[in-house]
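**Student:** Quick one: this structure, given as structure tokens, is what I'll be asking you about.
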Amino acid sequence: MSEKRAGFVTRINSNIVTVSFDSFVVQNEVAYIITGSQRLKSEVIRVRGKSAEMQVYENTTGLKVGDRVEFTEELLSVELGPGLLGQIFDGLQNPLPQLAKECGFFLKRGVYIKALAEESVWEFFPILKPGDKVRAGERLGFVHEKIFKHYIFAPFNLNASWEVVSIVPKGNYNLKQPVARLKNADAEEIDVFLCQNWPVKIPIQAYSEKIKPNEALVTKMRLIDSLFPVARGGTYCIPGPFGAGKTVLQQLTSRHAEVDVVIIAACGERAGEVVETLRTFPELIDPRTNKPLMDRTIIICNTSSMPVAARESSVYTAVTLAEYYRQMGLHVLLLADSTSRWAQAMREMSGRLEEIPGEEAFPAYLESRIAAFYERAGLVRLYDNSIGSVTIGGAVSPAGGNFEEPVTQATLKVVGAFHGLSRERSDARRYPAIDPLISWSKYKSFIEEGIMRKGHEILHKSNAILQMMKVIGEEGVSLPDYVEYLKGDFLDSVYLQQNAFDLVDECTPEERQKYVLNFIYEILNSEFIFQDKSGALHFFQQLRQLFRGWNSSVWQSEEFKSIEKEMQVILKEKQTKEEMHA
Amino acid sequence: MHKSYTSIVQIAGDVITVEVDGIGYLEIAEISSRRGKSLAQVIRIDDKKVSLQVFAGSKGVSTGDKVRFLGHAMRVASGENLLGRIFNGSGIALDRGPELSQQMIEIAGPPVNPAKRIIPTKMIRTGIPMIDVFNSLVESQKLPIFSIAGEPYNELMARIAIQAEVDIIILGGMGLKYDDYLFFRDTLEEQGALSRSILFIHTASDPVVECLLVPDISLAVAEKFALEGKKVLVLLTDMTNFCDALKEVSITMEQVPSNRGYPGDLYSQLAARYEKAVDFEGAGSITILAATTMPGDDVTHPVPDNTGYITEGQFYLKNGVIEPFGSLSRLKQQVNGKTRDDHRTIMDTMIQLFASYRQSVEKQAMGFQMSEWDKKLLRYGSLFETKIMSLKVNIPLEKALDLGWQILAECFSPEETGIKKSMIAKYWPKNPQ
């Protein structure tokens, strides 16, 4: 194929353009529409006879019938190599800060910049030597990227076994200089560079096996870790109506979760929300590494006013980058906000293609696309026996906050944990607004199972009594039942709720969670004797006030210890009475 | 210079189809019919068939009428000369003033690069405690007022516009009742704000398609001012009418509807407009306040629902007051930590207690016995409703916070409020009345 295959535009309907061609086209190949001096990136998404329909990743204003189209034969791909960490890309992996340098405040269409600067120089350390055998995804050497060893792999698209013909010695190389040469059994030879391309819609599967997620991923959110845990290599979803705090929850997770690399895919959401991450992460220090959080973060940002087709591809771009870092034996967390916008992008395109609509006009392939996306998460054993993981947490924005809608339902089928946010909780300012009565998780927590079960039990019981009181009134329930209700409410307000704007309370490490939950467990299991209901209410109000102060005091500080003592005195008082009574 | 065509082959709704070559997508054309001239915009091209939506509507358009393509997308005049002027949805003067053609700019320009955005930090003070204390409005925020027909949302918007310290006010009226248009014009005039205002008015009796242009025109003009360093407040009322116009056109174009007849790209359409709210580093800003009426007071209706996912919160106007539940300013945390150190405490505590008050009211309504605690809550609730919640209240933030402590102290003992001891020591009134 020396000559470029070309075609011309015959039909324009918003971002779907029909192209007539002569020779052949490849499904999902990238093509450029040439309008004036601009080249607009597009992707072939349907072929019918001698015309192909393409989604255009840009605004189509001014396109004309007859405009020339050039096909590239390449599927939509991303560049994988050192220099990705700390970057901010759009859905097509264009670095946004560089675009801003070139174009100013606004995004200019048709301007594309390479994700990785070709001239950037990295010190390469070879691992293999000539004569060694390699498979796709095996390590040839490494460079240092920020705090990680960034391995350089044999290309992921190799078949069978290849032999290293030559490999460069330790030294500085840029992305254009080959670092190794490989040959296969047919004596075909290829060069390997520090960076390689990979099509985003195809999973990278260069590992020996996928294993069952078995270890909790500590998010430092008490409600999640203690009651509805997430596992490394697992998947979870956060559906919730607008204003229930999905994004705050995701931001907190991105900051505090115990993982190596965090990839944030801001997909069709507000730009303002990404900005906070963009502006604060370079300054926030990760306590585990003492480096800025940005050093372990990649942001893929295709916000709601950016072209819709690129929104569809942005989640694939994000998950491909996640898989790449997993390949280095790292634990990666991908936060996608929001998968509903991604699904809507598919719906928009499907509508313009005039496909037969499924439920709520979503395309019939919605479920399989969602399943395929979440299935790219996983804990894997790599060829050298090290372990890497991709955990996916997807926010879902159900229309009308109704979880029965297609995107939520399709997502629930494939995830391992469900953190459902509720409007009632957020209206009552009970944050995080994850509703413990509807949420579930299939993963194991670091909290003892008995304690966890007690927690769930008391919450359900407390709610049942609350519902009863709504019907028959407070006077209608017995004092012991009322106390059970108060216990559940207490657990909720001092443990499940967390103040995201309190420096200490916003994240609770594993050790402290275990300690504090044990303390509460004692209280939940205690029998209290009260004169009357208002006495019980007063007791728990008092305890709650102290506990809130406890939550915002530094772990094991003087303040922490003195509040703990104060609470024990109050508790002892009641317990003494109890003993006397007994 | 530009060729005219007379080959209209189809007229359906307000969309006409012309057979012609070499026309750009979204290009503007001028149609001359017996009813006068109207602009139209290309919305679909299928080989030689070019479909256009006619802003003045297709009534009276004949298949023999002339269509002249202008070779560019929709443009509008911008700049200082527009101040104090009133235009319709296509940018034609409604106030007998001269037509303007200076600094023509294309509407619906490209989105702002997220990497160039900055974290908003400037609070807009309104003197309304339900906003200042509980849901602070922030410069560059996009915030709708969710409401139902008959609620005073236009009055609220006008009041905020006049009290807010902004350089320029742009009003985009969509499907506005003529009375409401006059209300805005007169209020701005009485308060001496008309000279720094620009009005783009589409009234309920104007052609539907013209409504679609109002937000784009208003925001394009606003953007130009903001780039020149001005703080602009854009009022859009009522965005539900805009969405209904979208629905009408998309159904005419035989698009597959997604939810209650609205097009599948409703979210993207709304986002493209609301996301124009921005704070330009080193220049001005755009803040958007929009009215969204909810058919049947149903917040899950596609219009308020999609809006809520796009905007940075919402004010929920019900029974003439801003409801604390359902109202939210997502950007409040950016500013309310820097006002006074008790701002957040008062905000959280008062709302939590108010939520408990509502439960007690419910219990009372069902005839249950009121406990001592319930009685305290009832007293608190009524004080809150009259002294804080009423839209008649007009006091600065600091006064409102002091008032908050006073009300708390009047009704509760410190530990009943659950407020941290350090805060109580600093602010709890020593001798409450």
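The values are calculated or read from the model by the stated rules, or taken from the named source; none is laboratory data. What you see is a predicted model; the values in this text were computed from it and never measured. When we count neighbours, we look across all protein chains shown, and the Cβ atoms used for this are built from the backbone with ideal geometry, even at glycine.
Rundown of residues vs (1) surrounded by 22 or more Cβ atoms within 10 Å (Cβ to Cβ); (2) among the small types (Gly, Ala, Ser); (3) within 26 Å of the chain's Cα centre (by Cα), yes/no style:
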site: B:VAL18; (1), (2), (3): yes, no, no
site: B:ILE31; (1), (2), (3): yes, no, no
site: B:LYS37; (1), (2), (3): no, no, no
site: B:THR63; (1), (2), (3): no, no, no
site: B:PHE69; (1), (2), (3): yes, no, no
site: B:ASN81; (1), (2), (3): no, no, yes
site: B:GLY84; (1), (2), (3): no, yes, yes
site: B:PHE87; (1), (2), (3): yes, no, yes
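**Student:** Among the residues of the range A:65-76, how many are surrounded by fewer than 18 Cβ atoms within 10 Å (Cβ to Cβ) and either assigned to a strand (DSSP E or B) or in contact with a His (Cβ under 8 Å, 6 or more places away or on another chain) (or both)? Step through it out loud before you land on a result.
**Tutor:** Going through the range A:65-76, the residues surrounded by fewer than 18 Cβ atoms within 10 Å (Cβ to Cβ) turn out to be A:66, A:68, A:70, A:72-74.
Next, from what is left, pick out any that are either assigned to a strand (DSSP E or B) or in contact with a His (Cβ under 8 Å, 6 or more places away or on another chain) (or both): A:68, A:70, A:72-74.
Matching residues across the range A:65-76 total 5.
**Student:** When residues of the range A:314-347 are filtered for being within 14 Å of chain B (Cβ to nearest Cβ) and touching a residue at least 60 places away in the same chain (Cβ under 8 Å), how many remain?
**Tutor:** 10
**Student:** Checking the conditions here, which among A:ILE523, A:ILE465, A:ILE458 is touching a Phe, Trp or Tyr at 6+ places or on another chain (Cβ under 6 Å), closer than 24 Å to A:LYS574 by Cβ and not in a loop (DSSP other than H, G, I, E, B)?
**Tutor:** Within the list A:ILE523, A:ILE465, A:ILE458, the selection yields A:ILE465.
**Student:** Another one. Only one of B:ALA283, B:ALA290, B:ALA277, B:ALA271 is of a type outside the set (Val, Ile, Thr), under 30 Å from B:ALA115 (Cα atoms) and surrounded by fewer than 23 Cβ atoms within 10 Å (Cβ to Cβ); which?
**Tutor:** The unique qualifying residue is B:ALA283.
**Student:** Could you check B:HIS343 against (1) free of Cβ contacts under 8 Å to residues at least 40 places away in the same chain; (2) buried (at least 16 other Cβ atoms within 10 Å of the Cβ); (3) more than 10 Å from chain A (Cβ to nearest Cβ) and say which number it fails?
**Tutor:** (1)
**Student:** Would you tally the residues in the range A:342-359 being closer than 23 Å to A:LYS246 by Cα and in contact with a Ser or Thr (Cβ under 7 Å, 6 or more places away or on another chain)?
**Tutor:** Looking only at that region, the number is 1.
**Student:** Can you tell me which of B:ASP14, B:ASP65, B:ASP21, B:ASP46 is under 30 Å from B:ILE198 (Cβ atoms) and of a type in the set (Asp, Glu)? Break it down into steps so the answer makes sense when it comes.
**Tutor:** Details: B:ASP65 fails: under 30 Å from B:ILE198 (Cβ atoms); B:ASP21 fails: under 30 Å from B:ILE198 (Cβ atoms); B:ASP46 fails: under 30 Å from B:ILE198 (Cβ atoms).
Only one candidate passes the filter, namely B:ASP14.
**Student:** When you scan the range A:199-214, do you find a residue that is within 22 Å of the chain's Cα centre (by Cα), among the polar types (S, T, N, Q) and surrounded by fewer than 17 Cβ atoms within 10 Å (Cβ to Cβ), even just one?
**Tutor:** yes
**Student:** Tell me yes or no: at least one residue of the range B:271-280 is more than 15 Å from B:THR240 (Cβ to Cβ), without any contact (Cβ under 8 Å) to a residue 40 or more places away in the chain and facing another protein chain (nearest Cβ under 9 Å).
**Tutor:** Checking the range B:271-280: at least one residue is more than 15 Å from B:THR240 (Cβ to Cβ), without any contact (Cβ under 8 Å) to a residue 40 or more places away in the chain and facing another protein chain (nearest Cβ under 9 Å).
**Student:** Right, here's the next one. Looking at A:THR61 and the list (1) in a strand (DSSP E or B); (2) surrounded by fewer than 23 Cβ atoms within 10 Å (Cβ to Cβ); (3) within 12 Å of another protein chain (Cβ to nearest Cβ), which single condition is not satisfied?
**Tutor:** (1)
**Student:** Given the range B:156-264, what strands (runs of 3 or more DSSP E) lie entirely inside it while holding 2 or more residues that are crowded, with 24+ Cβ neighbours inside 10 Å?
**Tutor:** Output list reads B:168-176, B:197-203, B:231-237.
**Student:** Restricting to the range A:1-28, name every residue that is among the hydroxyl-bearing types (Ser, Thr, Tyr), surrounded by fewer than 21 Cβ atoms within 10 Å (Cβ to Cβ) and modelled with pLDDT under 95.
**Tutor:** Once the filter is applied, which keeps residues that are among the hydroxyl-bearing types (Ser, Thr, Tyr), surrounded by fewer than 21 Cβ atoms within 10 Å (Cβ to Cβ) and modelled with pLDDT under 95, the range A:1-28 yields A:SER2, A:SER23.
**Student:** A further question on this structure: Going by the structure shown, is B:TYR380 crowded, with 20+ Cβ neighbours inside 10 Å, in a helix (DSSP H, G or I) and within 8 Å of another protein chain (Cβ to nearest Cβ)?
**Tutor:** On the way: crowded, with 20+ Cβ neighbours inside 10 Å: yes; in a helix (DSSP H, G or I): yes; within 8 Å of another protein chain (Cβ to nearest Cβ): no.
No: the conditions fail for B:TYR380.
**Student:** Mind checking which strands (runs of 3 or more DSSP E) fall wholly inside the range B:1-110 and carry at least 1 residues that are acidic (Asp, Glu) and more than 24 Å from B:SER218 (Cα to Cα)?
**Tutor:** In the range B:1-110, the matching strands (runs of 3 or more DSSP E) lie at B:15-19, B:36-46.
**Student:** Further, regarding this structure: Select, from A:LYS146, A:LYS176, the only residue that is of a type in the set (Lys, Arg) and either assigned by TED's automatic domain parsing to the domain that holds A:SER314 or exposed (fewer than 14 other Cβ atoms within 10 Å of the Cβ) (or both).
**Tutor:** Every option except A:LYS176 fails the conditions.
**Student:** Inspect the range A:491-504 for any residue being among the acidic types (Asp, Glu), assigned to a helix (DSSP H, G or I), under 21 Å from A:LYS220 (Cα atoms) and within 14 Å of chain B (Cβ to nearest Cβ) and give the result as yes or no.
**Tutor:** Taking the range A:491-504 first, the residues among the acidic types (Asp, Glu) are A:492, A:502.
The next check asks that each one be assigned to a helix (DSSP H, G or I); those that pass are A:492.
Right, trim to under 21 Å from A:LYS220 (Cα atoms) and you get A:492.
Filter again for within 14 Å of chain B (Cβ to nearest Cβ), leaving A:492.
Yes; the residues of the range A:491-504 include at least one that is among the acidic types (Asp, Glu), assigned to a helix (DSSP H, G or I), under 21 Å from A:LYS220 (Cα atoms) and within 14 Å of chain B (Cβ to nearest Cβ).
**Student:** Can you list the helices (runs of 4 or more DSSP H) found entirely within the range A:250-360 that contain at least 1 residues being among the charged types (D, E, K, R) and crowded, with 23+ Cβ neighbours inside 10 Å?
**Tutor:** Where helices (runs of 4 or more DSSP H) fall fully within the range A:250-360 and carry at least 1 residues being among the charged types (D, E, K, R) and crowded, with 23+ Cβ neighbours inside 10 Å, they are A:308-326, A:339-352.
**Student:** To continue, here is another question. All but one of (1) touching a residue at least 60 places away in the same chain (Cβ under 8 Å); (2) out of contact with any Pro (no Cβ under 9 Å at 6 or more places or on another chain); (3) over 25 Å from B:GLU254 (Cα atoms) hold for A:ILE33; state the number of the condition that does not hold.
**Tutor:** The one condition A:ILE33 does not meet is (1).
**Student:** Just the residues that are under 17 Å from A:PRO239 (Cα atoms), assigned to a loop (DSSP other than H, G, I, E, B) and free of Cβ contacts under 8 Å to residues at least 60 places away in the same chain, please, taken from the range A:408-441.
**Tutor:** A:LYS413, A:ASP435, A:LEU437, A:ILE438
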